[in-house]
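Here the structure comes first, spelled out in structure tokens, and everything after it is commentary.
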Amino acid sequence: MTTQPVRWGILATGGIAATFTADLLDLPDAEVVAVASRTDASAKAFAERFGIPRAYGSWGALAEDAEVDVVYVATPHSAHREAAGLCLEAGRNVLCEKAFTLNAREAEELVGLARERGLFLMEAMWMYCNPLIRRLKALVDDGAIGEVRTVQADFGLSGPFPAAHRLRDPAQGGGALLDLGVYPVSFAQLLLGEPSDITARAVLSDEGVDLQTGMLLSWESGAHALVHCSIIGGTPIMASVTGSRGRIDIPYGFFHPDRFVLHRDGRDPEEFTADPAAGTGASLKHEAVEVMRCLRAGETESPLVPLDGSLAVMRTLDAVRDRIGVRYPGEAEQAQVATA
Ligand SMILES: NC(=O)C1=CN([C@@H]2O[C@H](COP(=O)(O)OP(=O)(O)OC[C@H]3O[C@@H](n4cnc5c(N)ncnc54)[C@H](OP(=O)(O)O)[C@@H]3O)[C@@H](O)[C@H]2O)C=CC1
Ligand SMILES: O=C1CO[C@H](CO)[C@@H](O)[C@@H]1O
């Protein structure tokens, strides 16, 4: 039996759009049929580079393309709501880059749209689709280290990122938290769910984005997560999960691992490594494969990256930003509308 390829549309032509498109083109059951940009020139250049048949100079034109099965939204965070919303309203399924949106309110709107229309929507939290992260979660859920007491995870890059870079620009949802902190927070919440208490401290830039943020997330069980992110310092980018009967350590690059070590109390350490046949940990193919599996199975949500999980992460990021005093342009007005 032959499988019809899933027809992808790419919305935006920046760094991750190119990486993801290259990975898609390597999958035999995926086809990239269209790309959209804010400008015709950029859409055409991207289409030529990757051999994509249709190039649109507007997001709306891609959203209206009924020959597209799913759109990958790869804009800066500030535009996820608008771009993904346009696509959902026009009847397209959507894979939307992390952080899912600027804030939980926007995320709820997208989830509402998708659920009302019976369309597929997923945050591109590729870490959750990584085979070793899935293995780690299964081990923890099966009690391999007992009851989880502490999660530690960090993601810091030294840059330097110039003031014009999206990571420093409030108008693009810049800062360490939404771009990098979303990984350690999502890691902790994968294992422990939504925290009941949140403490955070940050150093802010002159533009008002967080340069580095330290967070202590707490759960009623007594579990803690110590989480850190930075765009002014290259941290180890490691994670560990400590339980009542052992610990799991993930080395550098914890959010796309090729290896981790399980220490069960009283036993020799056990090493888990990626199956090379399944692709490297750093591949974005794992999430693309999951999206296509869901579409073929008629599932509108991925069990690996559930929408309620993405909403819970956005609520945590909102709470952290509330503690550290980061607000993005337009958010003050949104809050007034919401409470009016
Ligand atoms: N999964 C992963 O490993 C990674 C995920 N990401 C996520 O992907 C998203 C994009 O990041 P990245 O590709 O690094 O960003 P880039 O700045 O490289 O690209 C973003 C693209 O979005 C489009 N765009 C739409 N609106 C704007 C705007 N207001 N200002 C600037 N560009 C805009 C532009 O494309 P055009 O000119 O065609 O309109 C631009 O090229 C972010 O959400 C980020 O968190 C980023 C890196 C890695
Ligand atoms: O999601 C991401 C993964 O890592 C990148 C850097 O290495 C980040 O900039 C990015 O946004």
Starting from residues that are in a helix (DSSP H, G or I) and touching a strand residue (DSSP E or B) at 6+ places or on another chain (Cβ under 9 Å), keep the ones in the range 166-177 and report whichever is nearest to ligand 2 (Cβ to nearest atom). ALA176
Within the range 290-309, of all residues that are buried (at least 18 other Cβ atoms within 10 Å of the Cβ) and among the β-branched types (Val, Ile, Thr), the one farthest from TYR183 (Cα to Cα) is VAL291
Cβ-Cβ below 7 Å, separation at least six or inter-chain, first residue in the range 120-135 and at positive phi, second surrounded by 20 or more Cβ atoms within 10 Å (Cβ to Cβ) and of a type in the set (Phe, Trp, Tyr): which pairs? none
Is it true that ASP26 is closer than 18 Å to HIS286 by Cβ and among the acidic types (Asp, Glu)? yes
Residue count for the range 200-218, restricted to those that are assigned to a strand (DSSP E or B) and either among the hydroxyl-bearing types (Ser, Thr, Tyr) or free of Cβ contacts under 8 Å to residues at least 40 places away in the same chain (or both): 6
Please specify each residue of the range 219-246 satisfying the condition of being at positive phi and part of a strand (DSSP E or B). GLY246
Quick check on this structure: which one of PHE155, PHE161 is aromatic (Phe, Trp, Tyr), outside any helix (DSSP H, G or I) and surrounded by fewer than 24 Cβ atoms within 10 Å (Cβ to Cβ)? PHE161
Any idea which of (1) crowded, with 16+ Cβ neighbours inside 10 Å; (2) within 16 Å of ligand 2 (Cβ to nearest atom); (3) not in a strand (DSSP E or B) is the one LEU95 doesn't satisfy? (3)
Can you confirm whether the range 188-199 contains a residue that is part of a strand (DSSP E or B) and surrounded by 17 or more Cβ atoms within 10 Å (Cβ to Cβ)? yes
Quick check on my filter: what residues within the range 171-194 are away from ligand 1 (no atom under 14 Å from the Cβ) and of a type in the set (D, E, K, R)? GLU194
Select from the range 270-288 the residues that are crowded, with 19+ Cβ neighbours inside 10 Å and among the aliphatic types (A, V, I, L, M) and list them in ascending order. ALA274, LEU284, ALA288
Being closer than 20 Å to MET125 by Cα and over 19 Å from the mean Cα position of the chain (by Cα): is that true of SER230 here? no
Name the one entry in LEU86, LEU110 that is assigned to a helix (DSSP H, G or I), more than 19 Å from the chain's Cα centre (by Cα), buried (at least 19 other Cβ atoms within 10 Å of the Cβ) and without any contact (Cβ under 8 Å) to a residue 60 or more places away in the chain. LEU86
Within the range 143-165, identify whether any single residue is within 12 Å of ligand 1 (Cβ to nearest atom), without any contact (Cβ under 8 Å) to a residue 40 or more places away in the chain and outside the structural domain of VAL73 (by TED's automatic domain parsing), and answer yes or no. yes
Kindly indicate the residue of the range 98-107 that is of a type in the set (A, V, I, L, M, F, W, C) and assigned to a loop (DSSP other than H, G, I, E, B) and also farthest from ligand 2 (Cβ to nearest atom) among those meeting that condition. LEU102
Single condition SER283 does not satisfy, out of (1) modelled with pLDDT of 95 or more; (2) not in a helix (DSSP H, G or I): (1)
Cβ contacts < 7 Å: first residue within 18 Å of VAL6 (Cα to Cα), restricted to the range 28-49; second residue acidic (Asp, Glu), any location; separation 6+ or different chain. Result? VAL33/GLU67; ALA34/ASP65
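The values are calculated or read from the model by the stated rules, or taken from the named source; none is laboratory data. Model, not experiment: these values are computed from the prediction. Note that we place each Cβ from the backbone using ideal geometry, even for glycine, and neighbour counts take in every protein chain shown.
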